[in-house]
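Data block below; observations after.
The values are calculated or read from the model by the stated rules, or taken from the named source; none is laboratory data. Owing to the predicted nature of the structure, the values given are computational and were not obtained by experimental measurement. Methodologically, a virtual Cβ is constructed for each residue, glycine included, from the backbone with ideal geometry; neighbour enumeration extends over all protein chains shown. Ligands, DNA and RNA are excluded from the accessible area calculation, which covers all protein heavy atoms including side chains. Shrake-Rupley method; radii C 1.70, N 1.55, O 1.52, S 1.80 Å.
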Amino acid sequence: MNTKLLFIAATLGLMSFKANAQVKLAALFTDGMVLQQQTTVPVWGWDKSGAHVTITTSWNKKLYNAIADASGKFLVKIATPVYGGPYQVTISDGKPVVLSNVLIGEVWICTGQSNMEMPVKGFKGQPLYGSTEAILNSKNKNIHVYTVPHSSKTTLQTDSKTSKWLEADPESISNFSATGYYFGKLLNKMLDVPIGLINCSYSGSSIQAWMDPETLKAFPEIKIPAATDSIKEISRTPTTLYNGMLAPVIGYGIKGAIWYQGESNYDNPDQYAKLFERMVKVWRTQWGEGEFPFYYAQIAPYDYAQLPPYNKGGKYNSAYVRDVQRKEADIIPNSGMAVLMDIGESFTIHPPHKQQGGERLAYLALGKTYGVKGIAVASPSYQSISVKGNVATIKFKDVPNGLMSYFKPLTTFEIAGTDKHFYPAKATISGSSVNVTSDQVKEPVAVRYAFKDFVVGELFGNDGLPVSSFRTDDWGYEMQ
């Protein structure tokens, strides 16, 4: 058969498939899925154009109807009850598709780059502390996980690659996001409701890769690839992960999102500040869930000068992008930041203390979203500076029970006068404030704390949550 005949045969075969098409659900809708409780959630898929599709939910026996549009897509919003299950959802155009073991509970999407993607078993040669014990104790029918497969595309995809929801057990959890798992595990323990976790992350990804072309038009310095362009950097080419992974899951009913990303943008903190704020706003608009909770991990300290092109100092001090992340928590509504100043490692960009990061994100959700009382929610954060004589006093907020340093001296504070030169400082805790001085600075104007590429955090709230690195100045990158 020649090429032309092969093409005709393939076309006729495709037309025959469309004419006799059965319901095809979007990849996220599988056995074991978790639907957000006490709301209306969309269910969508494809059939032949004009097909009458029904959806029946076993929790209330209600029947929903939809007609596939000209492109074959249908979408139905179904009402969900209070948490529970397992249930069944039946989707039919005359030939039923039955989804079983469906739970109703709390659904969170877990996004970002390698520190979000890093599985509980660790990466090769890069372990997680306590991973074996965590994996062995992971069996839980009320935690279900879903991983969106990697896909980097220059054009918008209508669906993601095939995957499936899995119950938490040693096999599924060993391969799932550690940050996401520890987050969800604590939520399940404290709330006693089913938890659904959607991992949509890609190692090495830039924030630009998770943003849509229309949004990035406001940033002319960012080159948006054409549909026919080759993708030279799979996880760092603008729009490509949005197109291939995120867009196909946007709209799925969620409670909120957790985000761990920024390492790939550490060298351009000013741009990151604008991109991050804009990305969250656009995601919320596109999801149609209002200002859903958005909690994120501040990148941990790390010696970035080890990485090509081996830049050091100035804006390449990752403390600047950490400072951007710190400030965004006050700018982005209904957000919060988990501080990781105490668990960074100078030799690896992937801190093995993933349990602390995941659980600190959970503290934010438990306190701010679910109203759990009696727990520490957020790290103390810089509020203001005042100067009296040669003493600069730093006041903090979110300090319900004072500050501490585990009885060790504070050695990473610096202080500057009008010459804008920073000197090592003596720092002492005074309740919920820190007094900072130096014999070399008679008239202080600015203070910085732990403002290094790699540093081990020394200042904590009395509840054990670390204080972020910060600066009170807004001087240029050359001021060190």
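Restricting to the range 205-254, give me the number of residues that are under 16 Å from Ala273 (Cα atoms), of a type in the set (Gly, Ala, Ser) and open to solvent by 10 Å² or more (accessible area, probe 1.4 Å).
Matching residues across the range 205-254 total 1.
Kindly establish whether Glu443 is open to solvent by 20 Å² or more (accessible area, probe 1.4 Å) and in contact with a Pro (Cβ under 9 Å, 6 or more places away or on another chain).
Working: open to solvent by 20 Å² or more (accessible area, probe 1.4 Å): yes; in contact with a Pro (Cβ under 9 Å, 6 or more places away or on another chain): no.
Spelling it out, it is not the case that Glu443 is open to solvent by 20 Å² or more (accessible area, probe 1.4 Å) and in contact with a Pro (Cβ under 9 Å, 6 or more places away or on another chain).
Would a scan of the range 465-476 turn up a residue that is over 28 Å from Leu361 (Cβ atoms), β-branched (Val, Ile, Thr) and either surrounded by fewer than 21 Cβ atoms within 10 Å (Cβ to Cβ) or out of contact with any helix residue (DSSP H, G or I) (no Cβ under 8 Å at 6 or more places or on another chain) (or both)? Working first, answer last.
As a first pass, look at the range 465-476 and keep what is over 28 Å from Leu361 (Cβ atoms): 473-476.
The next check asks that each one be β-branched (Val, Ile, Thr); those that pass are none.
Within the range 465-476, none of the residues are over 28 Å from Leu361 (Cβ atoms), β-branched (Val, Ile, Thr) and either surrounded by fewer than 21 Cβ atoms within 10 Å (Cβ to Cβ) or out of contact with any helix residue (DSSP H, G or I) (no Cβ under 8 Å at 6 or more places or on another chain) (or both).
Of the numbered conditions (1) touching a helix residue (DSSP H, G or I) at 6+ places or on another chain (Cβ under 7 Å); (2) under 21 Å from Lys62 (Cβ atoms), Gly94 fails exactly one; give the number of that condition.
Here Gly94 meets the rest and fails (1).
Do the conditions hold for Ala247, that is, is it farther than 27 Å from Glu458 by Cα, outside any loop (DSSP other than H, G, I, E, B) and among the small types (Gly, Ala, Ser)? Walk me through how you get there before you give the answer.
Numbers: farther than 27 Å from Glu458 by Cα: yes; outside any loop (DSSP other than H, G, I, E, B): yes; among the small types (Gly, Ala, Ser): yes.
When the stated conditions are applied, Ala247 passes them.
Go through the range 202-244 and give me each residue that's assigned to a helix (DSSP H, G or I) and either in contact with an Asp or Glu (Cβ under 7 Å, 6 or more places away or on another chain) or of a type in the set (Lys, Arg) (or both).
Filtering the range 202-244 for residues assigned to a helix (DSSP H, G or I) gives 207-210, 213-216, 240-244.
Residue satisfying the conditions is Tyr242 alone.
Being surrounded by fewer than 23 Cβ atoms within 10 Å (Cβ to Cβ) and touching a Phe, Trp or Tyr at 6+ places or on another chain (Cβ under 9 Å) is the filter here, so list the residues in the range 423-440 that pass it. Step through it out loud before you land on a result.
Taking the range 423-440 and keeping what is surrounded by fewer than 23 Cβ atoms within 10 Å (Cβ to Cβ), we get 423-424, 426, 428-433, 435, 437-440.
Residues satisfying the conditions are Pro424, Lys426, Ser432, Ser433, Ser438, Asp439, Gln440.
With the range 43-94 as the region, which strands (runs of 3 or more DSSP E) entirely inside it contain at least 1 residues that are touching a Gly at 6+ places or on another chain (Cβ under 8 Å) and under 19 Å from Val249 (Cβ atoms)? Write out each step before concluding.
Working: elements: 52-57, 62-67, 73-79, 84-92.
Per the criteria, 73-79, 84-92.
Just to be sure before I move on: is Gly374 open to solvent by 30 Å² or more (accessible area, probe 1.4 Å) and modelled with pLDDT under 95 in the structure I sent?
Working: open to solvent by 30 Å² or more (accessible area, probe 1.4 Å): yes; modelled with pLDDT under 95: yes.
Spelling it out, Gly374 is indeed open to solvent by 30 Å² or more (accessible area, probe 1.4 Å) and modelled with pLDDT under 95.
Hey, among Lys141, Lys124, Lys161, which residue is touching an Asp or Glu at 6+ places or on another chain (Cβ under 9 Å) and either in contact (Cβ under 8 Å) with a residue 12 or more places away in the chain or over 27 Å from Tyr87 (Cα atoms) (or both)?
Answer to the check: Lys141.
Would a scan of the range 60-73 turn up a residue that is touching a His at 6+ places or on another chain (Cβ under 8 Å) and not aliphatic (A, V, I, L, M)?
So far as the range 60-73 goes, yes, one or more of its residues are touching a His at 6+ places or on another chain (Cβ under 8 Å) and not aliphatic (A, V, I, L, M).
So which strands (runs of 3 or more DSSP E) are wholly in the range 333-418 and hold at least 1 residues that are among the aliphatic types (A, V, I, L, M) and more than 18 Å from the chain's Cα centre (by Cα)? Give the derivation first.
Values: elements: 335-338, 381-388, 391-397, 413-416.
Strands (runs of 3 or more DSSP E) meeting the threshold: 381-388, 391-397, 413-416.
I'm checking my understanding of the structure. Among residues of the range 273-303 that are without any contact (Cβ under 8 Å) to a residue 24 or more places away in the chain and open to solvent by less than 60 Å² (accessible area, probe 1.4 Å), which one is nearest to Thr179 (Cα to Cα)?
Ranking the qualifying residues of the range 273-303, first place goes to Arg284.
Residue by residue through the range 321-343, note down the ones that are open to solvent by less than 10 Å² (accessible area, probe 1.4 Å) and touching a residue at least 60 places away in the same chain (Cβ under 8 Å).
Result: Arg322, Asp323, Gln325, Val339, Leu340, Met341.
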